[in-house]
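Inspection log for the structure reproduced underneath, given as structure tokens.
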Amino acid sequence: MRKLLLTLAVFSLLAVGVAPHEAFAKTIKNATITISLGSEVDTMDPHTTSSALATVFHRYTFDTLMHRPTGSNTMVPWAAKEMIQIDPKTIEFRMREGVKFTNGEEVDAQAVQFSLMRPLQPGFKTVQTRIFRVIDRVEVVSKWVVRVHMKSTDPGLLRRLADWGHLVPPKHYSTLSPDDAAVKPVGSGPYRLGRWQKGVEMGFEANPDYWKEDAPHVKTVRAIPIKEDGTKVAALLKREVDLINQVPAQYIPKLEAGANTRVEAVRGTRVFHLGFTHSIDSPLKDIRVRQAIAHAIDRDVIVKHVVEGRGVVANQPLHEWTEGYDAKRVWPYSYDPNKSKKLLADAGHPNGFEIDFVTADGRYTKDKEVAQSIAGMLQAVGVRVRFQPVVWKRFVDTFRGRVNPGAKPFIYYIGYGNGTGDSDAALSAVAACNGAWSAYCDPEIDKALDATASTVDFKKRAAIFEDITQRLAKDAAHVMLWQEDSVYGLQKDIVWKVRNDDRVYAWELDRR
């Protein structure tokens with residue numbers, strides 16, 4: 001408990017010096033910055049999805065209560081001017097008086113209450129339920145003061161409130177249709193969505209009334225979805241875009257040699273794995289088949305040759321900035337094609353079997369190439385895959401459609417970018433029964449995750465997370481593959497301190 005209180009004291013101290021909203025003369029450069037993060041978001045309703053890409057773009061138009069200023073574990077109050085831990089199960093947020101949404105409604109306690117409870121409303125279609133499952137109720141103390149009451153102590157909630165719980169105007173959103181909410185965002189963030197031509201461009205215009213005096217820096221931000229790596233790099237070299245992410249290693253020398261371009265890289269938080277549709281009747285339901293697939297994949301080849309060393313082999317779903325990460329953990333399924341073939345034979349598939357293999361194309365660094373490499377390795381041991389590289393929206397539709405009657409079994413390649421640094425959020429997403437990106441279900445793991453939410457001793461929490469990781473590996477719930485380096489290409493006149501959490505926030509960008 002003492003450790004938790006010390007941590008919370010640090011959060012409270014970070015609130016000092018964050019001034020309340022007041023009138024000031026804001027200087028916004030009449031300039032445009034164009035970015036391409038590969039894919040395109042499928043919705044601008046911030047309470048329905050938890051994908052990393054959506055989490056990035058939602059922050060352009062919506063504010064959150066907390067914020068990680070550098071991508072590290074440091075956190076500060078954001079839309080709230082101050083955060084106070086009343087007791088282990090109660091957090092108080094004091095809002096900035098006078099701040100308004102772009103439609104004129106006030107960013108007050110009522111808005112916080114509505115925004116945090118909206119994903120928990122019965123019948124509301126969302127994948128964020130587990131993210132906020134610890135919230136019992138949200139109390140409006142006064143116009144500018146709100147308290148979040150938790151069912152149990154949850155040290156990870158504040159981290160999650162830096163990525164989700166986006167604030168929306170309650171009167172407007174209480175009458176908004178789901179279709180309109182998806183394409184017509186109204187928030188209090190540093191930018192407004194001015195135009196959105198699907199598949200072509202999103203145009204964000206600076207909010208001149210944004211509460212933060214030194215943000216945003218430039219008037220216009222354009223987001224262009226460019227799926228192909230070579231096309232994205234060519235656009236940067238031709239100065240058609242100013243910032244791109246997930247630059248493959250073979251293009252780095254060209255960008256470093258460019259007259260106007262540079263490369264910035266940092267070890268990232270995104271961890272990739274191969275997933276299985278556990279609930280659909282197929283050979284995948286046999287642990288020996290899953291183990292055979294794990295033994296068939298040479299992960300060193302993927303890291304050294306396919307992504308050309310721009311990452312490391314991953315032995316667990318957590319990364320080094322999270323609780324429960326064990327740098328000494330060993331992946332129990334070494335590359336062994338002969339053992340893979342024997343396991344398949346023992347499971348009744350001496351001649352292998354066929355199955356669909358779905359991967360996003362243009363969503364992640366060399367996603368299609370990595371998946372093709374995996375397909376070849378599986379083919380070598382007798383697992384004949386029907387390779388299906390698809391655009392991100394199609395991937396999402398296919399993944400969510402696995403629960404539909406008559407759905408076919410498949411394996412899939414996906415990366416989860418745990419920028420929050422919250423192990424509960426990561427493991428709940430990829431391994432809980434109702435996780436946003438989980439096709440796996442073990443009620444005992446759900447119970448263990450719930451136990452961490454109510455555990456304040458950090459050593460005990462870490463031990464539970466380590467045990468969950470071990471159990472997932474033992475059951476071959478997924479095949480852990482690699483953790484990427486975040487590599488960005490930028491124009492030399494773009495000012496930005498690269499983050500390690502896979503986030504490109506428009507208000508942090510500037511142009512010299």
message: At 7 Å along Cα-to-Cβ for each site, give me the label-to-label distance between E369 and K408 in nm.
response: 2.8
message: At 1.4 Å probe size, with the rest of the protein present, what percent of the exposed accessible area of the stretch 267-373 is carbon and sulfur atoms?
response: 45
- prompt: Rule-of-thumb check for the stretch 42-84: C-alpha Rg over 2.2 N^0.38 Å?
  reply: 1.25
query: Which Rg and Dmax, in Å, describe the Cα atoms of the stretch 358-453?
result: 15.1, 43
- line: Quick calc, A182 & A31: beta-carbon distance into FRET formula, R0 35 Å, rounding 0.05, result 0.75
message: Run the simple label-point estimate for E240 and D300 please: 7 Å along Cα→C-beta, distance reported in nm.
response: 4.1
task: Order these peptides, 418-425, 146-153, 405-412, by their mean beta-carbon neighbour count within 10 angstrom, highest first.
output: 418-425, 146-153, 405-412
For the chain, calculated [θ]222 nm from helices alone, where every DSSP H run of n ≥ 4 adds -39500 (n - 2.57): -8000 deg cm²/dmol
- prompt: Taking square-rooted eigenvalues a ≥ b ≥ c of the alpha carbon gyration tensor, is the stretch 272-366 rounded, prolate or oblate, where a/c under 1.5 means rounded and, failing that, a/b exceeding b/c means prolate?
  reply: prolate
message: Can you compute the label reach from K447? Point 7 Å from Cα along the Cβ direction, backbone N cut-off under 20 Å, restricted to the stretch 412-438.
response: 424, 427-429, 431-435
task: For I280 and E320, compute 0.36 nm times the residue count separating them, minus their Cα-Cα distance, and round to one decimal in nm.
output: 11.1 nm
message: Whole angstrom only: what separates the Cα centroid of the stretch 295-374 from the Cα centroid of the stretch 395-425?
response: 16
field: Over the stretch 181-286 - Rg/Rh using Cα atoms and the Kirkwood inverse-distance radius
entry: 1.10
message: For D346, project a label point 7 Å along Cα to C-beta. Then give me every residue of the stretch 272-288 with its amide nitrogen under 15 Å of that point.
response: 286-288
field: Correct choice for Kirkwood radius over Cα pairs in Å that was computed from the model, options [x] 23.7; [y] 23.0; [z] 24.7
entry: [x]
- line: A student applying the Cα gyration tensor rule (rounded when a/c is under 1.5; otherwise prolate if a/b is larger than b/c, oblate if not) would label the stretch 53-121 rounded
task: With label points built 7 Å along Cα→Cβ from the Cα atoms of N103 and D475, find their separation and express it in nm.
output: 4.2
query: What percent do you get for the relative contact order of the chain when only Cα pairs under 8 Å and 6+ apart count?
result: 21
query: Are there chymotrypsin sites (Phe, Trp or Tyr not before Pro) in the stretch 111-195 that DSSP puts in a loop and that have at most 12 other Cβ atoms within 10 Å, and which ones?
result: none
- request: Using the structure shown, select from K328/K492; K238/K497; K29/K393; K198/K366; K26/K184 the pairs with a Cα to Cα distance greater than 28 angstrom.
  value: K328/K492; K29/K393
Net charge of neighbours whose Cβ lies under 12 Å from the Cβ of R159, counting Lys and Arg as +1 and Asp and Glu as -1: -4
message: Test of understanding: what is the full-extension gain from V200 to D356, defined as 0.36 nm times their sequence separation minus their Cα-Cα distance?
response: 53.2 nm
message: With a 1.4 Å probe and all protein chains left in place, how much accessible area per residue does the chain have, in Å²?
response: 39
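The values are calculated or read from the model by the stated rules, or taken from the named source; none is laboratory data. Being a predicted model, the structure only gives us computed values, none of them experimental. Don't worry about glycine lacking a Cβ; one is built from the backbone with ideal geometry, like all the others, and counts go over all protein chains shown. To get the accessible areas, we keep the full protein, side chains included, count just its heavy atoms, and leave off ligands, DNA and RNA. Shrake-Rupley method; radii C 1.70, N 1.55, O 1.52, S 1.80 Å.
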